[in-house]
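J.: Let me begin by handing over the structure; questions about it come next.
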Amino acid sequence: MPETPYWRAYVTGRDAQRRVVLDAASSILQTEGPDALTMRRIAGEIGCSTSVLYTMFGGKAGVAEALWLEGFERLRMALGAVEDDDPLGRLVAMGRAYRANALANPAYYSVMFARPIPGFEPSPEAYSESLRPLQLLFDAAADCMAAGVFRRVDAAHVARVLWAAAHGAVSLELAGYEGAVDADSCFEDLLAGAAAWFFAR
């Protein structure tokens, strides 16, 4: 059997097989657009039969949902990997991790938030899974309140505000709009300003 990306993943295991399919699909989506995202195109990219893909995902809708879930899982892992004994330091580092993950996975980020695949809507189960990264931010915001860094307000509200701020800046950066100018400095100032709004007085 010729050594293809799928074959190399096949000998490694099912998780690797799934990853190589999704990475190929995300690359096609990013470089060629949603019309090019077909089961035949993905199969040709990685060197497997379309029947393999239908068995794994059921069809194009299944691939779309798998991309959605993979994107949020990568985000969850990126945020979960942040370690800092200082609650505010940890929260700020999670903001940086959010940006780094988005810049490293732009096609996944697009599927997660821009819905580039016509007709795709995540299932209720997938949507529930997508909230897991936000829970990490809830917990980090609550830790800042417990430490006296933030005033006592709804931790979920704080997390959503900070997520919205980071998301807006990252989306502008990925799109190449004015937000991409001096992006590092702008993002750091945005994190500092958004967090400062909730400081205990």
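What follows is calculated from the coordinates using simple rules that are stated; it is not laboratory data. Bear in mind the structure is a predicted one, so any value in this text is a computation, not a measurement. Cβ sites come from the backbone with ideal geometry, for glycine too, and all protein chains shown count toward neighbours.
J.: To the nearest 500 deg cm²/dmol, what mean residue ellipticity at 222 nm is calculated for the chain from DSSP H runs of n ≥ 4 alone, each contributing -39,500 (n - 2.57), summed and divided by the residues?
T.: -23000 deg cm²/dmol
J.: Next question, about the same structure. For the chain, find the longest principal axis of its Cα atoms and tell me its angle to the long axis of helix 60-80, 0 to 90°, nearest 10.
T.: 40 degrees
J.: Let me ask something else about it. Please tell me the relative contact order of region 125-201 in percent, rounded to the nearest whole number, where contacts are Cα pairs under 8 Å and at least six residues apart. Please report the intermediate quantities before stating the final value.
T.: Working: 52 pairs, mean separation 23.9, N = 77.
Relative CO of region 125-201 lands at 31 percent.
J.: What residue among P133, P106, P124 shows peak mean-square fluctuation when the chain is described by a Gaussian network model with Cα springs under 10 Å?
T.: Largest GNM mean-square fluctuation: P124.
J.: If you don't mind, another one. Just need the relative contact order of region 1-58 here, percent rounded to a whole number, with Cα pairs under 8 Å and 6+ apart.
T.: Details: 41 pairs, mean separation 19.5, N = 58.
Relative CO of region 1-58 lands at 34 percent.
J.: In terms of modelled amide H atoms, which long-range or inter-chain residues lie less than 5 Å from the amide H of F150?
T.: Here the answer is M145, A200, since their amide H atoms fall under 5 Å of that of F150.
J.: Can you compute the charge dipole magnitude of region 65-196 about its Cα centre, using +1 on each Lys and Arg Cβ and -1 on each Asp and Glu Cβ, nothing else charged? Give it in debye, rounded to the nearest 20. Please report the intermediate quantities before stating the final value.
T.: Working: 10 positive and 19 negative charges, 50 e Å.
Dipole of region 65-196, to the nearest 20 debye: 240 debye.
J.: Do any GluC sites (Glu not before Pro) in region 50-152 lie in a loop, going by DSSP, with at most 16 other beta-carbon atoms within 10 Å of their beta carbon, and if so which? Write down the numbers at each step before the final one.
T.: Numbers: sites: E65, E70, E73, E83, E125, E129; in loops: E83.
Qualifying residues, ordered by number: E83.
J.: Give me the number: length gained by fully extending A146 to A36, i.e. 0.36 nm times residue separation minus the C-alpha to C-alpha distance, one decimal in nm. Walk me through the intermediate numbers first.
T.: On the way: separation 110, 0.36 × 110 = 39.60 nm, distance 4.97 nm.
This chain segment gains 34.6 nm when fully extended.
J.: Any idea how far apart E83 and A114 come out in nm if each label point goes 7 Å out from Cα toward Cβ?
T.: The modelled label-to-label distance comes out at 3.5 nm.
J.: Picking from A156, G58, A142, whose Cα lies most toward the positive end of the charge dipole for the chain (charges on Cβ: Lys, Arg +1; Asp, Glu -1)?
T.: G58
J.: Okay, moving on. Relative contact order for the chain: what is it in percent, counting Cα pairs under 8 Å that are at least 6 residues apart? Could you put the intermediate results ahead of the total?
T.: Details: 195 pairs, mean separation 35.2, N = 201.
Computed value for the chain: 18 percent relative contact order.
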